[in-house]
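**Student:** Below is the structure I would like to discuss, written out as structure tokens.
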Amino acid sequence: MGEVLSQNEIDSLLKALSSGELDAEEIKEKNEKQVKNYDFARPAKFSKEHLRTLEIIFEHYGRLLSTNLPVYLRKNVQVEVMSSEAVTYSEFSNALSNPVLLGIVNFAPLSGNIIIEIAENIGYTIVDRMLGGVGAPLDKVREFSEIELLILERIFSICVNLLEEPWSSVCTLEARLERIETNSQYAQIISPMEMIALVTLNIKIGEVEGLINVCLPFITLEDVMDKLNTKYWYSSLQEKDEQVYADTIEALISRASMPLKAVLGNSVISVNDFLGLQRGDIIRLDRKVNEEMNVYVGNIKKFTALPGVSGDDYAVRVTSVIREEQ
């Protein structure tokens, strides 16, 4: 409902119009809504919020690649997100070079597939490193051999498996590499005019740089589009941090080794007595045989115990726990 004007305001407005201080046509133009042309060939299915959330997800994915790929390539790997944009599938496919490395990924439980494209120079570098080379790309571009594609399939599968953790805040992903294509004509997973989100990552293996393009069709992400916003993503991440990460940290700490020592007693002797100690000599301690001794966890006194044996081994029986406030 519009703002209601008082009688004094109405009189002032009419007076200004009569005197020429205000132009009625100018007021009319200001109140007219601006109409934007709608491109039916490129419907706006991905908002800036959706694209920003995808960037956050793939920033996490890039960190996982940087951590895991060096184990297989034995080279320093750096990955960063360059951009994200909404384009038609035909624009993506027309920009592909030949030969091309396209991983067709089943994005279960979501319907449909996504495509991961790796630049050919990065593909040659991966093959060279996996076969023991220095990791240099080829000077002359050629088709990938069957053996090279088998090697690349292993790395592709590793990259696909790493997608599950970054997407866990959106859905429980069970991504699987279906096949690798080197010809874009055999990778028509959707209609050419369908909208996709295209996330571009820059990867650097040693001194070789290249791009990784991830093609995410709208029809594949349609069921989770409402979750692709930063508010939902961060709230899910915080919930995961509080529940899952706390349990994981607790489990890791519970398996950590800690030094434990039971002190029978203390004594003070001279250096000469220490140098003259021999087997069978007796050192008098400051505790009696039936007196409780202290048990230390690291350098913190945590228990009291009585000495004894367990089978053929010396042992202690804990008699009390020393609380922090004590």
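Just so it is clear, none of the values below were taken in a lab; they were calculated from the coordinates. Treat the numbers as computed from the prediction; the structure is a model and nothing was measured. Every residue, glycine as well, gets a Cβ built from its backbone with ideal geometry; the counts of neighbours run over all protein chains shown.
**Student:** Could you compute the net charge surrounding residue 133? Neighbours are other residues with a C-beta less than 13 Å from the C-beta of residue 133; K and R count +1, D and E count -1.
**Tutor:** Computed value for this residue: +1.
**Student:** Another question, then. What is the spin-label model distance, in nm, from residue 141 to residue 273 if the labels are put 7 Å beyond Cα along the C-beta direction?
**Tutor:** 8.6
**Student:** List the relative contact order of the range 260-321 as a percent without decimals, with contacts defined as Cα pairs under 8 Å and 6+ residues apart. Mind dumping the intermediate values first?
**Tutor:** Details: 83 pairs, mean separation 18.0, N = 62.
Once divided by the residue count of the range 260-321, the mean separation gives 29 percent.
**Student:** Still on this structure, I have one more. Computed FRET efficiency, Cβ-Cβ of residue 250 and residue 302, R0 25 Å: what is it to the nearest 0.05? The partial results should precede the final answer.
**Tutor:** On the way: r = 19 Å, r/R0 = 0.77.
The calculated FRET efficiency here is 0.85.
**Student:** Arranged from highest to lowest average of other beta-carbon atoms within 10 Å per residue, in what order do the peptides 49-56, 116-123 appear? Don't jump to the answer; show the numbers that get you there.
**Tutor:** On the way: 49-56: 18.4, 116-123: 21.6.
Listed from highest to lowest mean packing, they are 116-123, 49-56.
**Student:** Oh, and also: Compute the convex hull volume of the Cα atoms of the range 260-321, divide it by the residue count, and report the result per residue in Å³ as a whole number.
**Tutor:** Output value, Cα hull per residue: 119 Å³.
**Student:** Can you give the charge dipole size of the range 255-326 about its Cα centre, rounded to the nearest 20 debye, using +1 on the beta carbon of Lys and Arg and -1 on the beta carbon of Asp and Glu?
**Tutor:** Numbers: 10 positive and 9 negative charges, 35 e Å.
Rounded to the nearest 20 debye, it is 160 debye.
**Student:** Please tell me which of these pairs span more than 18 angstrom C-alpha to C-alpha: 48/227; 75/140; 45/227? Intermediate results must be reported in sequence, preceding the final value.
**Tutor:** Details: 48/227 14 Å; 75/140 23 Å; 45/227 14 Å.
As for pairs spanning more than 18 Å Cα to Cα, those are 75/140.
**Student:** Any chance you could tell me what percent of the C-alpha pair distances in the range 48-248 go past 24 Å? Don't skip to the answer; put the middle values down first.
**Tutor:** On the way: 7935 of 20100 pairs.
When all Cα pairs of the range 48-248 are counted, 39 percent exceed 24 Å.
**Student:** Any chance you could list the semi-axes, whole Å, largest first, of the equivalent ellipsoid that the Cα gyration tensor gives for the range 120-195, using √(5λ)? Intermediate values should be presented prior to the final figure.
**Tutor:** Details: eigenvalues 140, 72, 23 Å².
Three semi-axes, in Å: 26, 19, 11.
**Student:** If you don't mind, another one. Relative contact order, percent, of the range 48-248 when contacts are C-alpha pairs under 8 Å separated by at least 6 residues?
**Tutor:** Numbers: 345 pairs, mean separation 65.7, N = 201.
33 percent.
**Student:** Please work out, to two decimal places, the log10 of the ratio I(q)/I(0) at q = 0.24 Å⁻¹ from a Debye calculation in which every Cα of the range 57-96 carries one identical scatterer.
**Tutor:** -0.78
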